[in-house]
Protein chains: 2
Amino acid sequence: MQKFEAFLLDNLPISASIHPVYEDALQEMLKAGGKRFRPALLLGVVKALNPLMLESARHAAYAIELLHTYSLIHDDLPAMDDSPLRRGKPTLHMVYDEVTAILVGDALNTYSFEVLSDAPFSDAMKVKLIRELSSNGGLNGMVLGQAIDCYFENKPLQIEDIKTLHTNKTAKLIAASMKMGAIICGDEELSEKLYEFGIKLGLLFQIQDDILDVTQSSEEAGKLTNNDENKNSFVTILGLDEAMKEANSLADELTLEMQSFDESLHSELSPILTKYINRHK
Amino acid sequence: MQKFEAFLLDNLPISASIHPVYEDALQEMLKAGGKRFRPALLLGVVKALNPLMLESARHAAYAIELLHTYSLIHDDLPAMDDSPLRRGKPTLHMVYDEVTAILVGDALNTYSFEVLSDAPFSDAMKVKLIRELSSNGGLNGMVLGQAIDCYFENKPLQIEDIKTLHTNKTAKLIAASMKMGAIICGDEELSEKLYEFGIKLGLLFQIQDDILDVTQSSEEAGKLTNNDENKNSFVTILGLDEAMKEANSLADELTLEMQSFDESLHSELSPILTKYINRHK
């Protein structure tokens, strides 16, 4: 992932602003690091299926990271989760102001599609990737999940609805990252299989986040923890023990499914996933 | 434009939400009307150049209207312009709340690219349209303009910088609408010419808005007027008389340029533009 990080730093959004804050703020959250989990998934799939596509695939991985970063910036806004910390640093509206956080989020959202439209792929491939990113990262994906999350604050949901919430809020973009990797390599059949895998992985990821929220300090997590009491988290609804059981069961299921991947895919994804699949333990 | 309105109503964004507010709110501002100025420009160009493309062109016109509508919703937010009225109705954050207005704006932004990726065009055409919309509607276009507007509130700008502000905030999306019409009809050379024309038209449009802000009541305008004292408007910087002169001079220039259009383009754009070109008088 060093090459991706270098690529990202070489391709940071630049705006010809007559005010310095806007340009700095556009880059701030992208430079702040983060796990780069979605890019790692996409690039892991590409490395396994067709390493020759790796260089162009970085453009798509970057587009996903742009969309993901905008969503963090907007989720942290005072009107939303009102979070002071992200990626171990003050959130954008704390460093600057709300106006900046809203506008930078908007700009990165749109920019993710500009990056895909300019990426070194065939037009047919670009369109497929844009369709995946927009349909999973938009009104019937990530944004819908965030809406459910906000509207049902202080209103406990049934477990099935919590799964709907997090399938949309978290899992669809993770699933799209894996799927887009396979699309780039022209393997449509595998792309569907990886999407289903990614949905489960995303759910596990969220259950783990909920578990770590009550077991980790803010310093360890790099963001405010113990902040979910009024939220529909797997822990607030199921309790910590049951959430742990659910996480273990999903982790086992995913580990088993990974064994059905062919060798190259297994050996690329294993180092990325094993770490995450067991991070709640 | 009746057919466009019907198309829009037939294609409103639908989200499988488990909460009714989100779906209603997604559609609210789109159904609230508005001038549909950008779609009219795109469709006017297409009607003049190749009426057979009109039906598919509506998808592109709709995508632009989606992006434009998201920008209005976010511009009206309390942290931004804090506007209570838009299109003659209460703004989205007044009807619902800030969370809804932020999320619906985000969703419509992303959805505009989903609509283009699914539109009945060749992949090559889709990519061109997506590149135009994202580059003019994003970090070096509309969002940059809004950023300059916000950062220089209460700080008077030179007239050249105000032109930069409004070229980005307003004119680029108007110019892109005309350019995209020509792109759909495969006339790349005309597309560049129309872009330049659209930039001037957008500037005129903004000067007129600034003039109408001080000469119209909120009822006439359908939005809060006399609200620009702290803003860098052409009227606050130039004064009403000079702003009028600037508008008249741009209007004359545009009228002259229109006479250089070939007959079909002139006769399609004339009814749309004459109304606007003279609306400050």
- Query: What is the sum of charges around A:Glu268, taking Lys and Arg as +1, Asp and Glu as -1, for the other residues whose C-beta is under 13 Å from the C-beta of A:Glu268?
  - Reply: -1
- Inter-centroid distance (Cα atoms) of region B:33-65 relative to region B:192-207, Å: 17
- Query: Give me the log10 of I(q) over I(0) for chain B at q = 0.08, 0.12, 0.13 Å⁻¹, as the Debye formula computes it from C-alpha points; what are the numbers?
  - Reply: -0.32, -0.74, -0.88
- Expressed as a percent, the accessible surface of region A:133-191 that is carbon or sulfur, using a 1.4 Å probe and the full set of protein chains, is 46
- Query: In Å² (nearest 100), what accessible area is buried between A and B, both sides summed, heavy protein atoms only, 1.4 Å probe?
  - Reply: 4600
- Query: Using a 1.4 Å probe, what is the accessible area per residue for region A:1-153, in Å²?
  - Reply: 31
- Query: How much net charge surrounds B:Gln259 when only other residues with a Cβ under 15 Å from its Cβ are counted (Lys, Arg +1; Asp, Glu -1)?
  - Reply: -4
- Task: Take the Cα atoms of region A:155-225, find their three principal axes, and give me the spread along each one in whole Å, biggest first.
- Result: 43, 30, 13
- Note on the structure: If N is the residue count of the protein assembly as shown, its Cα Rg over 2.2 N^0.38 Å rounds to 0.98
- Task: Note down the Stokes-Einstein diffusion coefficient of region A:186-281 in µm²/s, whole number, using a Kirkwood radius over alpha carbon pairs, 20 °C, and 1.002 mPa s.
- Result: 148
- Message: Using a 7 Å offset from Cα along the direction of the beta-carbon, what are the separations from A:Gly239 to the same position in each other copy, nm, ascending?
- Response: 7.7
- Exercise: per-residue mean of other protein chain Cβ atoms within 10 Å, B:19-32: 2
- Query: Taking the mean number of other Cβ atoms within 10 Å as a proxy for protection, how do you rank B:267-279, B:92-104, B:51-63, A:188-200 from highest to lowest?
  - Reply: B:92-104, B:51-63, A:188-200, B:267-279
- Message: With the label 7 angstrom out along Cα to Cβ, how close does B:Pro84 come to the same site in each of the other copies, in nm, nearest first?
- Response: 3.4
- Could you tally up the Lys pairs in region B:149-225 with alpha carbons closer than 28 Å? Skip any pair fewer than 8 positions apart unless they're on separate chains. 20
- Message: Counting only other chains, and only Cβ atoms inside 10 Å, what mean value do you get across the residues of A:117-130?
- Response: 5
- Item | Inter-copy label distances at A:Ala6 (7 Å, Cα→Cβ; nm, one decimal) | 5.8
- Message: I'd like to check one number: the per residue accessible area of region B:158-280, probe 1.4 Å, reported in Å² as a whole number.
- Response: 43
- Residues of region B:85-102 buried by at least 20 Å² on assembly (accessible area, 1.4 Å probe, chain alone as reference): B:Glu98, B:Val99, B:Ile102
- Query: Round to a whole number: what % of the accessible area of region B:9-114 belongs to carbon and sulfur, probe 1.4 Å?
  - Reply: 50
- Please identify the helices of chain B, taking whole runs of DSSP H, that span at least 30 Å along their own axis as judged from the Cα atoms and have a mean Kyte-Doolittle score of -0.5 or higher. B:54-75, B:188-215
- Per the rule of 0.36 nm per residue minus the C-alpha distance, extending B:Ser56 to B:Asp252 adds in nm 67.2 nm
- Note on the structure: Between the modelled labels at A:Gln216 and B:Ser217 (7 Å from Cα along Cα→Cβ) the distance in nm is 5.8
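The values are calculated or read from the model by the stated rules, or taken from the named source; none is laboratory data. From a predicted model like this one, the values you see are computed outputs, not experimental measurements. For neighbour counting, all protein chains shown are included, and Cβ atoms are generated from backbone atoms with ideal geometry for every residue, glycine included. These area figures cover heavy atoms from the full protein model, side chains too; ligands, DNA and RNA do not enter into them. Shrake-Rupley method; radii C 1.70, N 1.55, O 1.52, S 1.80 Å.
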